[in-house]
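As structure tokens, the structure follows; a few thoughts come after it.
The values are calculated or read from the model by the stated rules, or taken from the named source; none is laboratory data. Predicted model only: the values in this text are computed from it and were never measured. All Cβ positions, glycine included, derive from the backbone under ideal geometry; neighbour counts span all protein chains shown.
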């Protein structure tokens, strides 16, 4: 019984030797047949070695990746996202980048039903600019812990409203894996690794 690919070269060689041992004296293998089968064996052995090297490389890469990911735990990251997680207490930090000449920056926060929660307006002079949302609505009431959405807009030199580049700041609380892909958790917010813009010590 063949249990794994590791047995293929050995089994093939045993079959080949059995053919030589049991060949008919009246109809022996031709030299060209022997040469062809030996060439096949050599090719199979070469492919097997390449396959093993690739498996070892994949295992090493996976181990190194997992080690690097585990180092993300408790690290603060900047990540691309249009949603944020409010834990009921701490303010959420949003880092905004805007071009020179931007006159006004507006943060709009929405709940899971996309109902407007709060609008904050700023006139920053330098980019990037850090916005803190304290988890309250437009009446100053504390919102429930959970997932919220946000947009950041600015008014450019021509007086037109434009979307601005923004990142959320948060500390990685956990790692998750699904479908062979890894994700980070910032509180209750789950993001793919590709969303990470930078990592702070």
statement: The condition from (1) closer than 21 Å to residue 103 by Cβ; (2) surrounded by fewer than 14 Cβ atoms within 10 Å (Cβ to Cβ) that residue 140 misses is numbered (1)
task: For residue 98, indicate whether it is assigned by TED's automatic domain parsing to the domain that holds residue 163, at negative phi, touching a strand residue (DSSP E or B) at 6+ places or on another chain (Cβ under 9 Å) and modelled with pLDDT under 90.
output: yes
task: Restricting attention to strands (runs of 3 or more DSSP E) lying wholly within region 155-201, give those where 1 or more residues are farther than 16 Å from residue 74 by Cβ and modelled with pLDDT under 85.
output: 174-178, 181-186
query: Within region 129-154, how many residues are under 27 Å from the mean Cα position of the chain (by Cα), outside any strand (DSSP E or B) and at positive phi?
result: 0
- prompt: Which is part of a loop (DSSP other than H, G, I, E, B) and out of contact with any helix residue (DSSP H, G or I) (no Cβ under 8 Å at 6 or more places or on another chain), of 114, 120?
  reply: 114
- line: Restricting attention to region 78-99, the residues that are under 18 Å from residue 188 (Cβ atoms) and outside any strand (DSSP E or B) number exactly 8
